[in-house]
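Engineer: Let me give you the structure first, and then I'll get to my questions.
The values are calculated or read from the model by the stated rules, or taken from the named source; none is laboratory data. Please read these numbers as outputs of a predicted model, since none were measured by experiment. Because the Cβ atoms are built from the backbone with ideal geometry, glycine has one as well, and the counts that use them run over all protein chains shown.
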Amino acid sequence: GKLQPKADIRIFIGYAPTKKVFWIYNRRTRRIVETIHVDFDELTAMASEQSSSGPALNEMTPTAIKLLTPPPSVDHEALEVIAPIANVAHIENDPLLGVPIPEVTSTQSSLMVSPHTIVQSDQQIPQHNRKRTKDHPLDNIIVEPKTYKDALTQSCWIETMQKELNEFERLEVWELVPRPDKVMVITLKWIYKVKLDELGGILKNKACLVARSYRQEERIDFEESFTSVARLEAIRIFLAYPAHKNMVIYQMDMKTVFLNGNSREEVYVSQPDRFVNQDNPNHVYKLKKALYGLKQAPRAWYDMLSSFLLSEDFSKGSVDPTLFIRRNGNNLLLVQIYVDDIIFAASTPELCDLFANLMCSKFKMSMMGKISFLLGLQISQSPRGIFINQSKYALESLKKYGFESCDPVDTLMVEKSKLDEDKEGKVVDLSHYRGMIGTLLYLTASRPNLQFAICMCARYQARHTEKHIHAVKRIFRYLRGTVNRGLWYPQDFLVALTAFADADHAGCQDTRRSTSGSLQFLGERLISWSSKRQKSAAISSTEAKYIAISGCCALILWMRSQLTDYGLGFNKILMYCNNKSAIVLCCNNVQHSRQPDGLMVQDNPNHVYKLKKALYGLKQSPRAWYDMLSSFLQSQDFSKSSVDPTLFIRRNGNDLLL
């Protein structure tokens with residue numbers, strides 16, 4: 001009734017990993033719920049409740065553990081129930097219950113706690129003389145400080161910041177000098193980050209002193225900011241080749257990576273807050289090394305690492321400057337660089353040990369053993385091959401947008417449905433839609449089956465309606481049922497390079513442009529894929545598929561050059577397409593009415609034509625035509641009229657030809 005108590009006595013079991021909410025266990029309904037509307041009691045009320053709900057906690061012994069009784073009814077509260085996802089939460093042993101809380105399994109339809117899983121504790125709980133309430137601020141749940149003032153309240157972050165400054169001193173990053181006149185001094189800022197492993201566990205705390213680079217001016221504070229970064233296709237090739245050769249891939253991480261690069265320009269930075277030199281508070285630091293946040297820092301680090309590896313008899317990839325190879329007879333050592341993440345593999349374990357010792361002798365490295373997590377990709381190695389997936393990222397994405405409890409579907413898109421601009425539809429929140437698209441796009445790094453549907457929805461980020469939101473939600477629902485899918489690279493001896501290309505015709509409902517799709521395989525290992533709307537409308541399916549073949553061919557040529565650095569050569573590469581007209585046009589590239597305009601440009605977009613003959617529209621075309629015709633007629637015994645240059649006469653006795 002209305003006059004009955006609205007509250008319920010529950011047990012606090014922890015914090016939600018992605019929200020500022022508590023996880024509360026309701027003993028009456030046997031449900032775990034998320035809520036912020038709680039009032040913590042220091043166990044007094046719970047102790048008084050034992051007389052009605054079960055034996056007192058302080059009376060329990062190891063031989064007298066009893067199970068909780070089943071609930072008399074189900075509570076229909078308007079609270080969010082945590083949905084079951086396999087291996088999502090790893091909750092530590094709760095001090096209140098004294099027993100491990102089991103992981104949620106995906107076979108349950110809702111998170112109903114079984115009476116055979118929760119048991120009471122045998123720990124002695126002290127009784128309090130009076131009821132006492134204590135507030136637990138939600139801000140304390142956040143692990144990463146937002147400002148240095150927040151970090152100074154926690155000893156672990158103070159220690160982390162001090163370690164960072166000690167590295168500055170060890171590497172001789174800067175020197176304290178009087179502040180020069182008419183020179184811009186760049187201010188600094190502390191950035192805090194908790195580094196997690198592939199299971200979400202905490203690896204370490206990181207505190208980086210970052211320069212506010214928005215104050216840098218080009219040609220004054222820096223010259224060049226571009227640096228090479230490995231493409232995802234290059235990383236997948238690197239993973240596929242060791243799988244083919246049955247090599248083991250190892251990983252190492254560079255500590256204070258950007259502090260190793262030398263600074264070529266004169267850059268001055270302020271002293272960091274709370275770490276000011278007491279003897280010279282008005283001095284500034286002159287940088288000797290590139291600092292985090294500087295626009296030239298990534299390039300300076302790459303130049304340093306590249307020079308070091310080249311001096312150690314490594315050679316740089318012909319098309320991928322982040323790939324380094326070292327050959328010694330039949331032995332091969334491969335190194336792939338992605339900023340501070342370094343992965344390497346070799347034909348013998350001794351070469352891997354040699355490279356690890358070489359890097360540790362020059363830089364401060366963190367050896368991470370066999371590769372397991374790189375750029376959000378979970379990588380599992382076995383003697384049979386390598387498996388790549390993004391289940392951790394997929395689960396985080398589902399939680400982020402509230403799809404962890406949705407019902408999965410079997411297909412990404414509704415059959416025979418086509419998205420359009422939907423001009424009459426109601427426009428929805430732009431940032432929310434774009435956030436979902438951005439989250440899903442990175443999943444295509446290991447999920448090629450998601451590419452077409454996600455890219456289709458990504459076309460409408462400028463203006464999207466509820467129709468587009470429903471399409472994106474369906475992708476999340478499909479993802480909910482296929483979290484653990486990924487790429488499998490088997491260990492086999494087949495290394496043929498093959499490709500598949502296809503395209504629809506006028507598939508875009510708004511622009512009538514076609515969408516190209518392609519797949520590239522190294523043996524049975526899928527290396528690269530794409531789904532992209534073409535830049536112009538095709539007048540026929542032949543033209544659309546010819547353009548798709550052209551784009552696929554460009555990527556295949558890049559892959560062939562990349563694989564040459566691995567010692568693999570391909571003279572003939574099979575490409576498959578289901579359009580005979582496009583295949584014939586590729587094999588016999590002649591000009592006729594069915595050939596689409598500009599196809600030669602697709603093959604060599606940066607080339608130009610050098611004219612051998614006059615073309616329509618040129619001012620010299622009529623004169624060129626007259627000179628050619630006049631020369632031809634005069635070579636055939638015609639004579640030009642002395643008055644009219646367009647009159648040609650040929651005489652043969654009494655015969656006259658005009």
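Engineer: Would you mind stating whether ALA496 is at pLDDT below 90, in contact with a helix residue (DSSP H, G or I) (Cβ under 8 Å, 6 or more places away or on another chain), not assigned by TED's automatic domain parsing to the domain that holds THR322 and not acidic (Asp, Glu)? Outline the logic, then answer.
Structural biologist: Working: at pLDDT below 90: yes; in contact with a helix residue (DSSP H, G or I) (Cβ under 8 Å, 6 or more places away or on another chain): no; not assigned by TED's automatic domain parsing to the domain that holds THR322: yes; not acidic (Asp, Glu): yes.
So ALA496 fails the test.
Engineer: Kindly check whether there is at least one residue in the stretch 360-378 that is touching a Ser or Thr at 6+ places or on another chain (Cβ under 9 Å) and part of a strand (DSSP E or B).
Structural biologist: Taking every residue of the stretch 360-378 in turn, at least one turns out to be touching a Ser or Thr at 6+ places or on another chain (Cβ under 9 Å) and part of a strand (DSSP E or B).
Engineer: Something else now. Any residue at all in the stretch 550-567 that is surrounded by 15 or more Cβ atoms within 10 Å (Cβ to Cβ), in contact (Cβ under 8 Å) with a residue 60 or more places away in the chain, β-branched (Val, Ile, Thr) and within 30 Å of GLY329 (Cα to Cα)?
Structural biologist: Looking through the stretch 550-567, none of the residues is surrounded by 15 or more Cβ atoms within 10 Å (Cβ to Cβ), in contact (Cβ under 8 Å) with a residue 60 or more places away in the chain, β-branched (Val, Ile, Thr) and within 30 Å of GLY329 (Cα to Cα).
Engineer: Still on this structure, please answer the following. Mind listing just one residue for me: the one in the stretch 305-324 that is in contact with a Phe, Trp or Tyr (Cβ under 9 Å, 6 or more places away or on another chain) and in a helix (DSSP H, G or I) and, of those, surrounded by the most Cβ atoms within 10 Å (Cβ to Cβ)?
Structural biologist: That would be LEU305.
Engineer: Looking at LEU291, LEU323, which one is under 28 Å from ILE527 (Cα atoms) and hydrophobic (A, V, I, L, M, F, W, C)? Quick ask: steps written out before the conclusion?
Structural biologist: On the way: LEU291 fails: under 28 Å from ILE527 (Cα atoms).
Within the list LEU291, LEU323, the selection yields LEU323.
Engineer: A follow-up question, please. Looking at the stretch 380-404 only, could you name the residues that are touching a strand residue (DSSP E or B) at 6+ places or on another chain (Cβ under 7 Å) and touching a residue at least 40 places away in the same chain (Cβ under 8 Å)? Spell out how you get there, then give the answer.
Structural biologist: Within the stretch 380-404, the subset touching a strand residue (DSSP E or B) at 6+ places or on another chain (Cβ under 7 Å) is 380-381, 384-392.
If the condition is that a residue be touching a strand residue (DSSP E or B) at 6+ places or on another chain (Cβ under 7 Å) and touching a residue at least 40 places away in the same chain (Cβ under 8 Å), then GLN381, ARG384, GLY385, ILE386, PHE387, ILE388, ASN389, GLN390, SER391, LYS392 are the ones that fit.
Engineer: Still on this model: Taking the stretch 298-313 only, how many residues are without any contact (Cβ under 8 Å) to a residue 24 or more places away in the chain and in contact with a Leu (Cβ under 8 Å, 6 or more places away or on another chain)?
Structural biologist: Taking the stretch 298-313 and keeping what is without any contact (Cβ under 8 Å) to a residue 24 or more places away in the chain, we get 306-307, 310-311, 313.
Pick out the ones that are also in contact with a Leu (Cβ under 8 Å, 6 or more places away or on another chain) and you get none.
Counting residues in the stretch 298-313 that are without any contact (Cβ under 8 Å) to a residue 24 or more places away in the chain and in contact with a Leu (Cβ under 8 Å, 6 or more places away or on another chain) gives 0.
Engineer: Every residue in the stretch 482-507 that is farther than 30 Å from MET247 by Cα and either out of contact with any strand residue (DSSP E or B) (no Cβ under 6 Å at 6 or more places or on another chain) or surrounded by fewer than 16 Cβ atoms within 10 Å (Cβ to Cβ) (or both), please.
Structural biologist: Result: HIS505, ALA506.
Engineer: Of everything in the stretch 325-335, what is free of Cβ contacts under 8 Å to residues at least 60 places away in the same chain, crowded, with 16+ Cβ neighbours inside 10 Å and out of contact with any Lys or Arg (no Cβ under 6 Å at 6 or more places or on another chain)? Give them in sequence order.
Structural biologist: ARG326, VAL335, listed by residue number.
Engineer: Then there's this: Between a first residue in the stretch 277-294 that is surrounded by fewer than 21 Cβ atoms within 10 Å (Cβ to Cβ) and a second residue that is among the hydroxyl-bearing types (Ser, Thr, Tyr) and assigned to a strand (DSSP E or B), which pairs have beta carbons less than 7 Å apart while being 6 or more apart in sequence or on different chains?
Structural biologist: Close Cβ pairs (under 7 Å, with a partner that is among the hydroxyl-bearing types (Ser, Thr, Tyr) and assigned to a strand (DSSP E or B)) amount to VAL284/TYR268; LYS286/TYR268.
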